[in-house]
Amino acid sequence: MIRSWPSVVIGFVVPTFAILGGIFTFGRIHAVLFGFPVVFLWTFVCFPFTTLCLWVSWRFFDRSHYPDEEKTA
């Protein structure tokens, strides 16, 4: 259950706009960087960014709503 809108924004909206914005921005560029097209490299960079956003969302907004998880961790 979603309890706060900042959690949704940081955990879902920010990574979505980062990925889609990068695809629309770098999609027409045919340059290759480290052997990968720039759009693929951008997508690969977004994987850890998405993980970071989910961690921030959990750590600062959702963790307090699950007290049982804190006791076992």
DSSP-assigned coil residues among chymotrypsin sites (Phe, Trp or Tyr not before Pro) in the chain, each with at most 14 further Cβ atoms within 10 Å:
34
How large is the accessible surface per residue of the chain, computed with a 1.4 Å probe and reported in Å² as a whole number?
79
Nearest 10 degrees is fine. How inclined is helix 14-26 to the longest principal axis of the chain, computing both from alpha carbons?
0
Solvent-accessible area, 1.4 Å probe, carbon plus sulfur percent, for the chain:
73
Could you give the length gained by full extension between residue 5 and residue 29, i.e. 0.36 nm per residue of separation minus their alpha carbon distance, to one decimal place?
5.2 nm
Kirkwood Rh over Cα pairs of the chain into Stokes-Einstein at 25 °C, 0.890 mPa s: D in µm²/s?
177
Against the longest alpha carbon principal axis of the chain, how many degrees, from 0 to 90 and to the nearest 10, is the axis of helix 38-57 turned?
10
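The values are calculated or read from the model by the stated rules, or taken from the named source; none is laboratory data. Bear in mind that the values here come from a model prediction, so they are computed numbers and not experimental data. Ideal geometry is used to build each Cβ from the backbone, glycine not excepted, and the neighbour counts take in all protein chains shown. These area figures cover heavy atoms from the full protein model, side chains too; ligands, DNA and RNA do not enter into them. Shrake-Rupley method; radii C 1.70, N 1.55, O 1.52, S 1.80 Å.
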